[in-house]
Every structure is written in C-alpha cells, then in structure tokens.
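The values are calculated or read from the model by the stated rules, or taken from the named source; none is laboratory data. Predicted model, so just to flag it, every value in this text is computed and none were measured. Glycine gets a Cβ as well: all are built from the backbone with ideal geometry, and neighbour counts include every protein chain shown.
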Amino acid sequence: MNKKTQKVMFSSKSTEWTTPQDFYKQLKIKFNFDLDPCATPQTAKCKKYFTEADDGLSQDWGGHTVFMNPPYGRELKHWIKKAYDESRKPNTTVVCLIPSRTDTKYWHKYCMEAHEVYFIKGRLKFGGGDRIYRAPFPSAVVVFKAEETAVFNGGKKKKQ
C-alpha cells in the first residue's frame, strides 16, 4: 500500500467509505432498499436518503428497508445502536455494511442480536473513479429485522 493510500485510510480526517457499487447491487437484489440514512447527494444509494445535515441518527427509519454504510469513526457505535433500535419497528429491516470488529462492545451488544451476519471474504474496495482503496479491515453485512419478520421455530427465534 502506497503512502498516499495509507494516509487516507488510516487518517481520522474522513470516516466516509463509499460503498462499492457492484457489492451494493447484489445486496439490493435481495433486500430492495428504499432508504439510505448515511449519504451525500453524490453517494446516495436510494431515492430517499439523509445527509449529515439531515442527521440520520435523529430521523425515523420505521417502515423502510434501509441500507446503512455508516461513518466508520468513533460514532459507529451510535449508528449500530440506531440500526438495532429502528429494526424493532414494524416492517423495518436495516442492512449494515460495517467493519467486522467483533472485539467491540457494540458488536456484542447489538450485532450478536442480528438476524443475519455475513462476513465478507477478502477486503472490499471502497471509493470510485480515481480514488479506490482496499479496506485495511475485514467487513461484514449485519441484518436487523423487525420481530414480525423473523422466522420462529419451536418458540425460538431462528436466524434466516
């Protein structure tokens, strides 16, 4: 990895990692998203989206199928909690593309309660155009669903 790439990836100047389009397309086929709460007008993946100025953490996501690629900085834990909390609302699914940080408190408190967790083989390439970076961390897709969308087996919640 060259020094320019290292500077961007290990810097705290930016916490935004633009979702790889091909990766997103595969998720959209399965989930059919209609809300992106962590976007810019240039990176929005859905017609309905919230920018930093809109403060997606304070918005209602209920009733939506949400694609969330949150800022990966210190506030990540707040986005994961929000995703979990919002998914408790009827007809709400939140799909999170996040670093696979299984050693964190938020992972154990919230991600371990997810309906589905997919660990991504290899490292994703984020960005676009001339600015594509291989992530210095493993990634995961964590899926939170409203309880009525869960599958139950003998009184126990069965992960789909």
**Report entry** Test for MET68: is it buried (at least 17 other Cβ atoms within 10 Å of the Cβ) and over 15 Å from PHE137 (Cα atoms)
**Finding:** yes
Query raised in the report: Can you find a residue in the range 11-18 that is surrounded by fewer than 16 Cβ atoms within 10 Å (Cβ to Cβ) and at pLDDT 95 or above?
Result: no
Query raised in the report: In this structure, is LYS89 in contact with a Gly (Cβ under 7 Å, 6 or more places away or on another chain), of a type in the set (Lys, Arg) and either within 22 Å of PHE126 (Cβ to Cβ) or not in a helix (DSSP H, G or I) (or both)?
Result: yes
Requested in this report: For the range 99-113, indicate whether the set of residues that are under 15 Å from the mean Cα position of the chain (by Cα), touching a residue at least 24 places away in the same chain (Cβ under 8 Å) and in a strand (DSSP E or B) is non-empty.
Outcome: yes
Query raised in the report: Looking at TRP79, TRP61, which one is among the hydrophobic types (A, V, I, L, M, F, W, C) and part of a loop (DSSP other than H, G, I, E, B)?
Result: TRP61
Requested in this report: Please go through the range 19-33 and pick out each residue that is surrounded by 14 or more Cβ atoms within 10 Å (Cβ to Cβ) and either in a loop (DSSP other than H, G, I, E, B) or modelled with pLDDT of 95 or more (or both).
Outcome: THR19, PRO20, LEU27, LYS28, PHE31, PHE33
**Report entry** Residue list for the range 73-103, restricted to those being surrounded by fewer than 20 Cβ atoms within 10 Å (Cβ to Cβ) and within 14 Å of PHE137 (Cα to Cα)
**Finding:** GLY73, PRO99, SER100, ARG101, THR102, ASP103
Query - Cβ pairs under 7 Å, 6+ apart, first in the range 124-146 and closer than 19 Å to ALA39 by Cα and assigned to a loop (DSSP other than H, G, I, E, B), second of a type in the set (Ser, Thr, Tyr) and at pLDDT 90 or above - result: LEU124/SER139
Query - Tabulated pairs, the range 41-59, first touching a residue at least 24 places away in the same chain (Cβ under 8 Å) and buried (at least 16 other Cβ atoms within 10 Å of the Cβ), second among the polar types (S, T, N, Q) and in a loop (DSSP other than H, G, I, E, B), C-beta under 6 angstrom, 6+ apart or interchain - result: THR43/THR18
Requested in this report: Taking only the range 73-84 into account, find how many residues are over 21 Å from GLU113 (Cβ atoms) and either at pLDDT 95 or above or under 14 Å from the mean Cα position of the chain (by Cα) (or both).
Outcome: 1
